[in-house]
Amino acid sequence: MRAEKATKAYRLGEVEVWALRGVDLGVRPGDFLALTGPSGSGKSTLLHLMGGLHRPTSGRVLLEGQDISRFPRAELARLRGRKVGFVFQQFHLLPRSSAVANVALPLMYAGHPRQVRRQRALACLERVGLGPRADHRPGQLSGGECQRVAIARALACDPPLVLADEPTGSLDTKTGKEILQTFRGLVDEGRTVVVVTHEPYVAAFTQRQVRLLDGRLEDGDGTG
Ligand SMILES: Nc1ncnc2c1ncn2[C@@H]1O[C@H](COP(=O)(O)OP(=O)(O)O)[C@@H](O)[C@H]1O
Ligand SMILES: [Mg+2]
């Protein structure tokens with residue numbers, strides 16, 4: 001993943017908000033990176049650009065060597081489905097569906113048959129230590145367990161890149177550290193993991209840290 005002079009402006013009626021003001025950042029395969037910075041500094045925006053959820057206003061974003069900054073939306077969604085797993089602070093699980101059904105959802109969008117979906121979803125739950133909870137619904141699980149289900153869902157399509165936005169923000173420190181261990185395991189398997197955080201203990205856990213301030217990387221050189 002690579003951002004080159006990436007900017008992002010949001011329009012609020014007549015007003016333009018510049019969330020990113022020219023970011024150069026290189027993330028290599030196998031990196032475990034913490035993206036830090038105060039609230040409003042552009043962390044989520046940069047994560048969304050890295051994963052192809054949004055396109056930059058100017059500059060380029062490369063994902064696995066492909067410039068995705070001008071990709072049509074449908075193509076972007078297809079690429080995202082295969083290459084990127086997202087994890088969010090609030091888990092975003094379907095409350096009426098079991099853990100295994102939540103994890104199987106992206107496999108349904110990807111067009112896999114039912115048998116494959118269940119098998120793969122169970123394997124992903126086992127991967128995060130939740131095999132025995134496969135048939136529980138989110139309301140029957142702890143916060144840490146819900147976040148594991150969300151990580152299993154992010155892994156369902158076996159993406160090389162996992163992007164997490166404040167994944168420990170709703171968890172106590174002990175549970176947060178367990179979640180970080182899970183991410184480290186993904187890095188050990190050869191995946192790339194980027195974690196947005198403003199918590200020092202999270203940043204201290206990763207191999208590499210970059211800090212955003214007012215839409216710019218603080219040291220100006222994130223090209224790595
Ligand atoms: N959809 C949006 N519409 C308008 N402004 C936005 C939108 N998303 C983010 N912003 C603004 O862009 C800036 C950066 O936001 P964000 O990337 O969410 O920062 P962070 O994740 O570091 O808190 C903030 O000023 C925020 O208010
Ligand atoms: Mg944010």
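The values are calculated or read from the model by the stated rules, or taken from the named source; none is laboratory data. Model, not experiment: these values are computed from the prediction. Virtual Cβ from ideal backbone geometry, glycine too; neighbours counted across all protein chains shown.
Okay, here's what the table says:
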| quantity | calculated |
| --- | --- |
| Pairs with Cβ under 9 Å, 6+ apart, first in the range 40-58 and closer than 18 Å to F71 by Cβ, second among the β-branched types (V, I, T) and near ligand 2 (Cβ under 9 Å from one of its atoms) | L46/V196; L47/V196; H54/T45 |
| Residue ID - farthest from ligand 1 (Cβ to nearest atom), chosen from residues in the range 171-224 that are touching a Leu at 6+ places or on another chain (Cβ under 6 Å) and small (G, A, S) | G222 |
| The range 205-224, residues that are over 27 Å from S58 (Cβ atoms) and at pLDDT 95 or above | F205, T206 |
| Hits in the range 153-167 (condition: in contact (Cβ under 8 Å) with a residue 60 or more places away in the chain and either in a loop (DSSP other than H, G, I, E, B) or within 16 Å of ligand 2 (Cβ to nearest atom) (or both)) | A156, C157, P159, P160, L163, A164, D165, E166, P167 |
| Filtered residues of the range 30-62 (kept if out of contact with any Phe, Trp or Tyr (no Cβ under 9 Å at 6 or more places or on another chain), within 14 Å of ligand 2 (Cβ to nearest atom) and closer than 15 Å to T192 by Cα) | L35, M50 |
| Single residue of the range 53-78 satisfying the filter (charged (D, E, K, R) and farther than 20 Å from G26 by Cα) that is nearest to the chain's Cα centre (by Cα) | R78 |
| Hits in the range 15-52 (condition: among the small types (G, A, S), more than 17 Å from the chain's Cα centre (by Cα) and surrounded by fewer than 21 Cβ atoms within 10 Å (Cβ to Cβ)) | G22, S39, G40 |
| Among the residues listed as R82, R70, R21, the single one being outside any helix (DSSP H, G or I) and closer than 28 Å to D158 by Cα | R70 |
| Tally of residues being more than 16 Å from ligand 1 (Cβ to nearest atom) and surrounded by 16 or more Cβ atoms within 10 Å (Cβ to Cβ) across the range 156-169 | 6 |
| Number of the condition not met by L94 [criteria: (1) in contact with a helix residue (DSSP H, G or I) (Cβ under 8 Å, 6 or more places away or on another chain); (2) under 21 Å from H198 (Cα atoms); (3) not polar (S, T, N, Q)] | (2) |
| Qualifying residue in the range 97-104 (condition: of a type in the set (G, A, S), more than 20 Å from T192 (Cβ to Cβ) and assigned to a loop (DSSP other than H, G, I, E, B)) | yes |
| Residue in the range 1-14 that is nearest to the chain's Cα centre (by Cα), counting only those that are within 10 Å of ligand 1 (Cβ to nearest atom) and at pLDDT 95 or above | K8 |
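Residues checked against (1) surrounded by 23 or more Cβ atoms within 10 Å (Cβ to Cβ); (2) at pLDDT below 95; (3) of a type outside the set (A, V, I, L, M, F, W, C):
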site: G129; (1), (2), (3): no, no, yes
site: R133; (1), (2), (3): no, no, yes
site: S142; (1), (2), (3): no, no, yes
site: E145; (1), (2), (3): no, no, yes
site: A154; (1), (2), (3): yes, no, no
site: L171; (1), (2), (3): no, no, no
site: V187; (1), (2), (3): no, no, no
site: T192; (1), (2), (3): no, no, yes
